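Below you'll find the structure, written out as structure tokens, and then a few comments.
The values are calculated or read from the model by the stated rules, or taken from the named source; none is laboratory data. This one's a predicted model, so the numbers in the text were calculated from it and none came from an experiment. Note that each Cβ is placed from the backbone with ideal geometry, even for glycine, and that neighbours are counted across all protein chains shown. All accessible areas refer to the heavy atoms of the entire protein, side chains included, with ligands and DNA or RNA removed. Shrake-Rupley method; radii C 1.70, N 1.55, O 1.52, S 1.80 Å.
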Amino acid sequence: MDLATYATKPEDSRGRLYPDFTNIIRSPFQRDRDRLIHSSAFRRLDGKTQVFAYHEGKNYRTRLTHSIEVAQITRTICKSLNLNEELAEALALAHDLGHSPFGHAGERGLQNSMKKYGGFDHNIHSLKIMTKTEIHYPEFEGLNLTWETLEGTVKHNGPIKKISNNYLKEFNQKFDLDLKNYPSLEAQVASFADDIAYNNHDIDDGFRAGFFSINDLRELPFINEILTKFEAENPNADDNLRIYSVTRNMIARMIFDVLDNSRENIKKYKIQTPQDVRKQKCFIVDFSSAMHEEISQLHQFLKKYFYTNTSVARMDMKSQRIVEELFAIFTNDWMLLPMDVRKHLDKNASDERIADVICEYIANMTDMHAIEEHKKLYDPHTRF
């Protein structure tokens, strides 16, 4: 398939930070995707929370299954817009690589703990994983991914106007990621595919957890319309089939909306090249205003029935506390860290360096790793 003029072409890649061999079978972005899939950080996503803690139930989404769903939606949209599916897939698979354990509750815990040292941002931690902590090659730290994959991962939520994180600042001086401008269309697609995936799997997971019923979902007019049509055609369908119908139709509805609206924006802003995309003052890939309103209503519904449910609120509270208490005990005495982590510190290490190593250690944990580590340190009845 011929790529659009505004798509990212592999032959136009800005390359990698370190010299690397050329592969005649795979494009640079295919190689990025494959390196990400084979990384330890990608495998750890299977043990990290989406909304429910990992141990809550094996049928709920994890960061890994969510990333796979995002990649599938991303490729669908890119194919329709004649964008580079290979780059977009790499970005979709990388977008949550740097998430801490326990989802947003864990991230809040690290943000609070790291306030004195520039805070914590999972997109920047994703960059750190890809460029430093994953060691697969003797010649360099990190995975040595292309500029386009690094740029699209750290900026998939939009430009970064103020750089407060030291690692991002230092890396950007070595390999300028054009942080103040918008990312490629492929990165923008991955960002909106993320929205499509999590909005709809939260409907599915919340229903299966028993937080709301099919009748509760009818409060939303656009979902009631889907259900009414499905039930007229399938009067004997059970609730499982009804919820599948809702999520299936909602995903399609959002995909078609973002496709139509993005095509209009490409014409409106006269987008001809990848550089035309970067110099804009807004996202080119976007939902329509009507879809933004529907999503806002859906968020309000999920907040009412799901995100503020007592069991979720209690889990979030405990999760955040686990992360903050781990950080506090290691900061108080970093000799409690495992030996393979302690090797990165010495008696002359600054407080900032110690905090950075501890933050990295905790951020890379799975949910169960964090829970078990907390037990070992705080529960006198747990073996060391």
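Looking at Met291, is it modelled with pLDDT under 95, on the phi < 0 side of the Ramachandran plot and not polar (S, T, N, Q)? It is false that Met291 is modelled with pLDDT under 95, on the phi < 0 side of the Ramachandran plot and not polar (S, T, N, Q). Identification of helices (runs of 4 or more DSSP H) wholly contained in region 114-189 with 2 or more residues that are surrounded by fewer than 18 Cβ atoms within 10 Å (Cβ to Cβ) and not polar (S, T, N, Q) yields 166-174. With respect to the stated conditions, Ala313 fails to be touching a residue at least 24 places away in the same chain (Cβ under 8 Å) and within 17 Å of Arg108 (Cβ to Cβ). Does region 202-217 contain any residue that is surrounded by 17 or more Cβ atoms within 10 Å (Cβ to Cβ), acidic (Asp, Glu) and either at pLDDT 95 or above or assigned to a loop (DSSP other than H, G, I, E, B) (or both)? No, region 202-217 contains no residue that is surrounded by 17 or more Cβ atoms within 10 Å (Cβ to Cβ), acidic (Asp, Glu) and either at pLDDT 95 or above or assigned to a loop (DSSP other than H, G, I, E, B) (or both). Pairs linking a residue in region 289-306 that is of a type in the set (S, T, N, Q) to a residue that is part of a helix (DSSP H, G or I), with Cβ atoms under 9 Å and 6 or more positions apart or on different chains, are Ser289/Asn261; Gln297/Pro221; Gln297/Phe222. So Asn240 fits all but one of (1) open to solvent by less than 60 Å² (accessible area, probe 1.4 Å); (2) without any contact (Cβ under 8 Å) to a residue 60 or more places away in the chain; what number is the exception? Going through (1) open to solvent by less than 60 Å² (accessible area, probe 1.4 Å); (2) without any contact (Cβ under 8 Å) to a residue 60 or more places away in the chain one by one, Asn240 breaks only (1).
Here is a list: Asn249, Asn224. Which entry is assigned to a helix (DSSP H, G or I), touching a Lys or Arg at 6+ places or on another chain (Cβ under 6 Å) and not hydrophobic (A, V, I, L, M, F, W, C)? Please lay out each step first, then the result.
On the way: Asn249 fails: touching a Lys or Arg at 6+ places or on another chain (Cβ under 6 Å).
That would be Asn224, the only listed residue that is assigned to a helix (DSSP H, G or I), touching a Lys or Arg at 6+ places or on another chain (Cβ under 6 Å) and not hydrophobic (A, V, I, L, M, F, W, C).
When Ala328 is tested against (1) at pLDDT 95 or above; (2) more than 30 Å from Lys375 (Cβ to Cβ); (3) open to solvent by less than 80 Å² (accessible area, probe 1.4 Å), exactly one condition is not met: (2). Of everything in region 260-308 that's part of a helix (DSSP H, G or I) and basic (Lys, Arg), which residue is most open to solvent (accessible area, probe 1.4 Å)? Among those residues, the one meeting the criterion is Lys267. Say whether the condition of being at negative phi and in a loop (DSSP other than H, G, I, E, B) is met by at least one residue in region 80-89. Yes, some residue in region 80-89 is at negative phi and in a loop (DSSP other than H, G, I, E, B).
Using the structure shown, decide if Val285 is within 24 Å of the chain's Cα centre (by Cα), over 16 Å from Asp195 (Cβ atoms) and among the β-branched types (Val, Ile, Thr). Walk me through how you get there before you give the answer.
Working: within 24 Å of the chain's Cα centre (by Cα): yes; over 16 Å from Asp195 (Cβ atoms): no; among the β-branched types (Val, Ile, Thr): yes.
Criteria not met by Val285.
Annotation note: of Thr8, Thr76, the sole residue that is more than 13 Å from the chain's Cα centre (by Cα) and either part of a loop (DSSP other than H, G, I, E, B) or surrounded by fewer than 17 Cβ atoms within 10 Å (Cβ to Cβ) (or both) is Thr8.
Tally time: how many residues in region 331-381 are open to solvent by less than 30 Å² (accessible area, probe 1.4 Å) and either more than 29 Å from the chain's Cα centre (by Cα) or of a type in the set (Lys, Arg) (or both)? Qualifying residue count for the region: 2. A count restricted to region 25-61 and to residues that are at pLDDT 80 or above and either part of a helix (DSSP H, G or I) or surrounded by fewer than 22 Cβ atoms within 10 Å (Cβ to Cβ) (or both) stands at 24.
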